[in-house]
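Read-outs: derived from the displayed coordinates by stated rules, not from any lab. All of these numbers come straight from a predicted model, not from anything done at the bench. Cβ sites come from the backbone with ideal geometry, for glycine too, and all protein chains shown count toward neighbours.
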Amino acid sequence: MKTRIIGLLVLASLILAFALIATAPAAPNKGGVPAAAAASALPATPAATPAAERHPEIREALEALRRAKEHMEHAAHDFGGHRVEAIEATDRAMKQLELCLKFDKD
């Protein structure tokens, strides 16, 4: 009986230790070199590196709004007219984000 209890305690301790290790944050980078640059052994050539997309957050927001609008358009309930207002507000938000991207190109 004692060996069974001790075995369970050892097993619980190991599980707890592994859980703590798995959830612990990584050690900070102390070399002053960004981790991405330190991990890369070969220098990047301009032809191999794609051009950074301008304003990826705005493009992601536009895609999220388009998906949300599609979900709202296919909703089974009208929610007392609030669904229509939400779709209209989504359209206005998408228009503003498109204007942001257009303004940046000019």
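Could you tell me the calculated FRET efficiency between GLU73 and LEU11, based on Cβ-Cβ distance and R0 = 35 angstrom, to the nearest 0.05? Let's see the in-between values first.
Numbers: r = 53 Å, r/R0 = 1.51.
That gives a FRET efficiency of 0.10.
Give the aspartates and glutamates whose C-alpha is closer than 20 Å to that of LYS105, dropping any in the same chain fewer than 8 places away, or say none.
In chain and number order, the partners are GLU53, GLU57, GLU60, GLU63.
HN-Hα J couplings of region 61-72 from phi, Karplus 6.51/-1.76/1.60, θ = phi - 60°, integer Hz, Gly and Pro as x?
Result, ordered by residue: 5, 4, 5, 5, 5, 5, 5, 5, 4, 4, 4, 5 Hz.
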